[in-house]
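Participant: Attaching a single structure in structure tokens format; questions to follow.
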Amino acid sequence: MDTEFIDWAGKYLGGSVSSSKVPYGDQSNVYHLNGPKGEFFLKIGTGLEKERERLDWLRGKLPVPEVIGFNKIGDKEALILSAIEGENLAKLKKIWPAEMVISGLVSVLRRFHAVDVKNCPFGAPGPGKVLVHGDACLPNFVFKDGTFSGYIDLGDMRVDYPAADLSAAVWSLRHNLGPGHEINFLNRYGIKNTDEALVDKLISQYESAQKEWGLI
């Protein structure tokens, strides 16, 4: 099935493309495509139409991949996405100090949560709710030369409470950097009266979501 989608992507992009599979954290398969028109990513899985809809809504509001093409064969769907240049925070942790990773994470989440949710069709606005990424883990934020490039993996973007993103961010910081950075992150984001009990609650919230997604 992946080969069929890769062939379709090559024809859609107007020429032969080379493809290489890249590591990806959820149930989709992702391929890096390189061809005459440049670099793209091909995402293959289920439920990708909702990601296409969210990316279309986000265009012009935040730096996100552009949807180049969409296809469905059987019970599988595929998205061709423009490439966002740079490396994600999970990779940059190897060369950036922890404080720089935390600072980057705080800035990208604040920017996302500041988007006007008026007329957003994904979720119901209400007091205290913001636009959330939906899986605010380090691999989903890309930087190039120290400057933020864009957000990826936006299939669960919606209007919700900030805790939906803070729980993923705290879990991801512990997973990638080890324990000891969570309270610093929450304080810098702007959460008051943070303690280890809140950190444990947020991590438990994210792990429960992962179980619902079938990832753990």
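Participant: Could you tell me whether segment 1-145 comes out rounded, prolate or oblate from its Cα gyration tensor? Rule is a ≥ b ≥ c as square roots of the eigenvalues, rounded for a/c under 1.5, then prolate if a/b exceeds b/c, otherwise oblate.
Facilitator: Numbers: a/c = 2.12, a/b = 1.33, b/c = 1.59.
In terms of gyration-tensor shape, oblate.
Participant: What is the helix-to-structure angle for 2-12, meaning the angle in degrees between its Cα long axis and the longest Cα principal axis of the chain, kept from 0 to 90 and rounded to the nearest 10?
Facilitator: The answer is roughly 70 degrees.
Participant: As I understand it, the value is the acute angle between the Cα axis of helix 163-177 and the longest principal axis of the Cα atoms of the chain; what does it come to in degrees, rounded to 10?
Facilitator: 90 degrees
Participant: Relative contact order of the chain, please, whole-number percent, based on alpha carbon pairs below 8 angstrom and at least 6 residues apart.
Facilitator: Values: 349 pairs, mean separation 33.3, N = 216.
Computed value for the chain: 15 percent relative contact order.
Participant: Counting each DSSP H run of 4 or more residues in the chain as -39500 (n - 2.57), what helix-only mean residue ellipticity at 222 nm follows after dividing by all residues, to the nearest 500 deg cm²/dmol?
Facilitator: So the helix-based figure for the chain works out to -12000 deg cm²/dmol.
Participant: Under a cut-off of 23 Å between alpha-carbon atoms, report the lysines in cross-link reach of Lys93, not counting same-chain residues fewer than 8 places apart.
Facilitator: Correct list for Lys93: Lys21, Lys144.
Participant: Moving on. Averaged across orientations, what area in nm² does the convex hull of the alpha carbons in segment 87-213 project? Could you put the intermediate results ahead of the total?
Facilitator: Working: hull surface 30.9 nm².
So the Cα hull casts an average projection of 7.7 nm².
Participant: Specify the angular offset, from 0 to 90 degrees and rounded to the nearest 10, of the alpha carbon long axis of helix 48-58 from the longest principal axis of the alpha carbons in the chain.
Facilitator: That works out to roughly 70 degrees.
Participant: Can you spot the lysines whose alpha carbon is less than 16 Å from Lys37's alpha carbon? Ignore those fewer than 8 places along the same chain.
Facilitator: Lys11
A short reminder: the numbers here are calculations on the coordinates, not readings from a lab. Treat the numbers as computed from the prediction; the structure is a model and nothing was measured.
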